[in-house]
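Chemist: Sharing a structure here in structure tokens format.
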Amino acid sequence: MAQLSVNHLLGIKDLTPEDIHCILETADEFSGVINRPIKKVPSLRDVTVANLFFENSTRTRLSFELAEKRLSADVINFSSSSSSVSKGETLIDTVNNILAMKVDIVVLRHPHPGAAVFLARNVKSIIVNAGDGTHEHPTQALLDAYSIRQKLGKVEGKKVVIVGDITHSRVALSNILCLQKLGAEVMVCGPSTLIPKFIGSLGVKVETDLLKALQWADVANMLRVQHERMDMKFFPSIREYTQRYGLTESLLASLDKELLIMHPGPINRGVEISSAVADGNHSIILQQVENGVAIRMAVLYLLAGKMIA
């Protein structure tokens, strides 16, 4: 069995291109599993996975839980709002108490950047980062790359523009790193106030004109504006943002080519993307959701294989 070079999935930055290809190829196998009548395999029987979500989540939490159950793992779900964390218990104490119940893998979503790395250094368990603050969201980047590969045949040589709130997005950083390791060209587009000053050091192109960015790209990944992470106003109004950076049918029609449209969710319809575009023929948003289960099955299976070995 192919093996990863890492013992945890903390971020795309830790993965080699070979690791990424290994995950995508393993996901191909599991994609076949989840599309057959019997959608379960015994790969993680007797493995216990704890989903620790210290932040609200719908798609990611459900996707991980479904992936775990498709692999026949035992699953524990944890929500910080109904736990002793609300009484002042530390993250390590919380996790160690859960690990004392003989948990093998922890899937962690946390509002603080670096929480997954911190945990991996301090507890004896496999850690999978399901999103840590504005830092990384590795499984989202992997499923996005997988979706591009599935639709266009390969990622290498493709031009991908990431549009929207780059500053506050963990999806943007993980996508940039993942796409570059797979040989794609990456551009970011949005208001200059929502593009970090350091972004050029990552080797990406920067564009503030959406039409120019779309004319350059093969794929557009539309991000929502993350108001919950903002402590000040970064643009005058939602209406102005939508006028300049909202993806509409008329804007797509003005292009002389086919453009693949993606979105990590949740969608703010009528803001960064119109309903007609989100539900249209160019969009692969629902395929991304489906592919998320296969990718997370692949990640859990490969990491558990290292534990068993």
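Chemist: Among the numbered conditions (1) over 18 Å from Leu303 (Cα atoms); (2) in a helix (DSSP H, G or I); (3) touching a His at 6+ places or on another chain (Cβ under 9 Å), tell me where Pro113 comes up short.
Modeler: Unmet for Pro113, out of (1) over 18 Å from Leu303 (Cα atoms); (2) in a helix (DSSP H, G or I); (3) touching a His at 6+ places or on another chain (Cβ under 9 Å): (2).
Chemist: Out of the residues in region 147-162 meeting the condition of being in contact (Cβ under 8 Å) with a residue 60 or more places away in the chain and over 24 Å from Asn129 (Cβ atoms), tell me which one is surrounded by the most Cβ atoms within 10 Å (Cβ to Cβ).
Modeler: Val161
Chemist: Check region 254-277 and report whether any residue there is touching a Ser or Thr at 6+ places or on another chain (Cβ under 9 Å), part of a helix (DSSP H, G or I), at pLDDT 95 or above and surrounded by fewer than 17 Cβ atoms within 10 Å (Cβ to Cβ).
Modeler: Within region 254-277, one or more residues are touching a Ser or Thr at 6+ places or on another chain (Cβ under 9 Å), part of a helix (DSSP H, G or I), at pLDDT 95 or above and surrounded by fewer than 17 Cβ atoms within 10 Å (Cβ to Cβ).
Chemist: Looking at Arg121, Arg109 in this structure, which one is outside the structural domain of Glu272 (by TED's automatic domain parsing) and without any contact (Cβ under 8 Å) to a residue 12 or more places away in the chain?
Modeler: Just one listed residue meets the conditions, Arg121.
Here is a yes/no grid of residues against (1) crowded, with 17+ Cβ neighbours inside 10 Å; (2) within 19 Å of Ala130 (Cβ to Cβ); (3) free of Cβ contacts under 8 Å to residues at least 12 places away in the same chain; (4) not polar (S, T, N, Q):
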{"residue": "Cys22", "(1), (2), (3), (4)": "yes, no, no, yes"}
{"residue": "Ser31", "(1), (2), (3), (4)": "yes, no, no, no"}
{"residue": "Arg36", "(1), (2), (3), (4)": "no, no, yes, yes"}
{"residue": "Phe53", "(1), (2), (3), (4)": "yes, yes, no, yes"}
{"residue": "Arg59", "(1), (2), (3), (4)": "no, yes, no, yes"}
{"residue": "Phe64", "(1), (2), (3), (4)": "yes, yes, no, yes"}
{"residue": "Arg70", "(1), (2), (3), (4)": "yes, yes, no, yes"}
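Chemist: May I pose another question? When region 155-170 is examined, which residues are found to be modelled with pLDDT of 95 or more and either among the β-branched types (Val, Ile, Thr) or not assigned by TED's automatic domain parsing to the domain that holds Val219 (or both)?
Modeler: Val155, Val160, Val161, Ile162, Val163
The values are calculated or read from the model by the stated rules, or taken from the named source; none is laboratory data. This structure is a prediction, so every number in the text was calculated from the model and none was measured. We place every Cβ from the backbone using ideal geometry, glycine too, and count neighbours over all the protein chains shown.
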